[in-house]
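Written below as structure tokens is the structure these notes are about.
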Amino acid sequence: MATFVIAGAGLAGAKAAQALREEGFDGEIVLIGAEAERPYERPPLSKDYLQGRSEREKIYVHPPQWYADNDVDLRLGRRVTRIELGHHLVRLSDGSRQPYDKLLLATGAVPRRLPGPGYYLRTVEDSDALKERFATGAKVLIVGASWIGLETAAAARTAGCEVTVVEPEPTALNRVLGPELGDLFARLHARKGVHLRFGTAAAEITQTGVRLSSGERLTADLVVVGIGAAPEIWLARDAGLDVGHGILTDAALRTSHPDVFAAGDVAEHFHPVYGRRVRVEHWANALHGGPAAARSMLGQDVTHDPIPYFYTDQYELGMEFSGDVEGYDEVVYRGDPDKLEFIAYWLRGGRVVAGMNVNTWDVVDEIQALIRSGAVVDQKELPTG
């Protein structure tokens, strides 16, 4: 009987285990997770759960009994520390060894850190700690106008905290959306009373706040750092697998070893639509990548090529984003950005490369079809929602 091992008990790993059983795999499944919590979804940690609008039980991927009912050996509170490709086994932090026939690496990413006593938002325990501090009306300083940074700022401000955001770029989300749409998010937060400090970096986190690169010091009760995440590629690298910005895979999520696969935040997979490898950290990639890897492990013909997708909720703004703005040369709007009801299209050479629908719904499929087609569009024909 074959044994499939999944290193990483997040959304991608849990969904891979589910897909294996749904596809009829009757061998042993070992799902190994470093956290003590059973697999859960991370987006609520900076959204509804952080704001106290969602119960804890709703964040989990499966009910507690699901793993036993589906004969999934869930091993929590331990991590894979070494892969021995030649022997087809992994070593665990508790000293045990686990053989495998196929191995899936779904180890995710970890927050990039700064020296000093900052808070980070990656785990449910992190979210619980911040929620508790926000409830006291703390003075909050957030390093990084990233998605995590802005969602955390919205949660803190909604809780009644005084909030300052420090960002070295000229506006919010500058690298992921460009200056026009990044500035829309900056204006939203400014209207809500968030103090925005662009064009300056946090040089040092102290017990009383931060020291900026200019030498100025800002005081705060707590500092939250949201400056991106780094994929956990060290296991793959040390085992001799090909790595780049993530673990390199083909479009079927196979690594450079035929019996090892990668999915979720850690995978840098070949994307046929873009003709290059991409690494996507967003929830949808884990949701769909885990099952795709499972089917690939079973020998099915798999092409993992979803258009990158992300969503956010900040104050009264709800948004879905599809695509990649890299290399865009024009932004076209449908609707009214001032009323926060619109669709923005990023174009390159007359072709749609990304789209963002704000408080406008049921248009994602149309936007993604335009991106996938690669066709030159008539701007007058772009969907308006």
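Compute the accessible area per residue over the stretch 124-203, keeping the other protein chains in place, probe 1.4 Å, unit Å².
Working: 3010 Å² over 80 residues.
Accessible area per residue, the stretch 124-203: 38 Å².
If you restrict to DSSP beta bridges whose two residues both lie in the chain, what percentage is antiparallel, to the nearest 5? Don't skip to the end; give the middle numbers.
On the way: 49 of 83 bridges.
Roughly 60 percent of the beta bridges in the chain run antiparallel, per DSSP.
Quick one: with all protein chains in place, what share of the accessible area of the stretch 64-109 is carbon or sulfur, to the nearest percent (1.4 Å probe)?
42 percent
Under unit Cβ charges (Lys, Arg +1; Asp, Glu -1), what dipole magnitude, rounded to 20 debye, does the stretch 186-325 have relative to its Cα centre?
Numbers: 12 positive and 17 negative charges, 101 e Å.
Computed about the Cα centre, the dipole is about 480 debye.
Could you tally the net charge around LYS58, taking each other residue with its Cβ under 12 Å from the Cβ of LYS58, Lys/Arg +1 and Asp/Glu -1? Each step should come with its number before you reach the end.
Details: positive: LYS47, ARG53, ARG56; negative: GLU41, ASP48, GLU55, GLU57.
Combined, the nearby Lys, Arg, Asp and Glu give -1.
Place a label point 7 angstrom from the Cα of ARG56 along the Cα-to-Cβ direction, then list the residues of the stretch 27-44 whose backbone nitrogen is under 20 Å away.
Once the point is set 7 Å along Cα→Cβ of ARG56, 33-44 turn out to lie under 20 Å by backbone N, inside the stretch 27-44.
For ASP71 and ASP128, what is the calculated FRET efficiency with R₀ set at 35 Å and r taken between the beta-carbons, to the nearest 0.05?
After rounding, the FRET efficiency stands at 0.65.
Roughly what angle does helix 179-191 make with the longest principal axis of the chain, taking Cα atoms, 0 to 90 degrees, to the nearest 10?
Compared with the principal axis, the helix lies near 70 degrees.
Would you grab the residues whose amide H sits under 5 Å from the one on ARG112? Only those 5+ places off in sequence or on another chain, please, with H modelled 1.01 Å from N.
Residues meeting the amide H criterion: ILE227, GLY228, ALA229, ALA230.
Computed from the coordinates I sent, Rg and Dmax of the Cα atoms in Å equals one of (1) 21.1, 72; (2) 21.6, 63; (3) 23.1, 75. Tell me the label.
Matching entry in (1) 21.1, 72; (2) 21.6, 63; (3) 23.1, 75: (2).
On average, how much accessible surface per residue is there in the stretch 252-361, in Å², for a 1.4 Å probe, leaving out ligands, DNA and RNA?
38 Å²
If you restrict to DSSP beta bridges whose two residues both lie in the stretch 31-166, what percentage is antiparallel, to the nearest 5?
On the way: 8 of 16 bridges.
DSSP beta bridges in the stretch 31-166 are roughly 50 percent antiparallel.
How big is the dipole moment of the stretch 318-385 about its Cα centre under a simple scheme where the beta carbon of each Lys and Arg is +1, that of each Asp and Glu is -1, and everything else is neutral? Debye, nearest 20, please.
140 debye
Please give the net charge around ARG191, taking every other residue with its beta carbon less than 15 angstrom from that of ARG191, where Lys and Arg add +1 and Asp and Glu add -1.
Here the count lands on +1.
What are the GluC sites (Glu not before Pro) within the stretch 23-78 that DSSP puts in a loop, where the Cβ has at most 12 other Cβ atoms within 10 Å?
Passing both the DSSP loop test and the Cβ count: GLU55.
Would you calculate a helix-derived [θ] at 222 nm for the chain, using -39,500 (n - 2.57) for each DSSP H run of n ≥ 4 and dividing by the full residue count, to the nearest 500?
Dividing the helical sum by the residues of the chain leaves -6500 deg cm²/dmol.
Lys and Arg at +1, Asp and Glu at -1: add these up for the other residues within a Cβ distance under 15 Å of SER256 and post the number.
-1
Measure nothing but the geometry: give the 0 to 90° angle between the long axis through the Cα atoms of 147-158 and the longest principal axis through the Cα atoms of the chain, rounded to 10°.
60 degrees
ASP48 to MET1: FRET efficiency via 1/(1 + (r/R0)^6), r the Cβ-Cβ distance, R0 51 Å, to the nearest 0.05?
E between ASP48 and MET1, to the nearest 0.05, is 0.80.
About its Cα centre, what dipole magnitude does the chain give when the only charges are +1 on Lys and Arg Cβ and -1 on Asp and Glu Cβ, stated in debye to the nearest 20?
960 debye
Please report the carbon-and-sulfur percent of the accessible area for the stretch 291-385; probe 1.4 Å, protein heavy atoms only, DNA, RNA and ligands left out.
On the way: 1880 of 4340 Å².
In the stretch 291-385, the share of accessible area belonging to carbon and sulfur is 43 percent.
The values are calculated or read from the model by the stated rules, or taken from the named source; none is laboratory data. Just so you know, these numbers come straight off a predicted model, no measurement behind them. Quick reminder, even Gly has a Cβ in these numbers, built from the backbone with ideal geometry, and neighbours come from all protein chains shown. Each accessible area value is taken on the protein alone, full model and side chains, heavy atoms only, with ligands, DNA and RNA left out. Shrake-Rupley method; radii C 1.70, N 1.55, O 1.52, S 1.80 Å.
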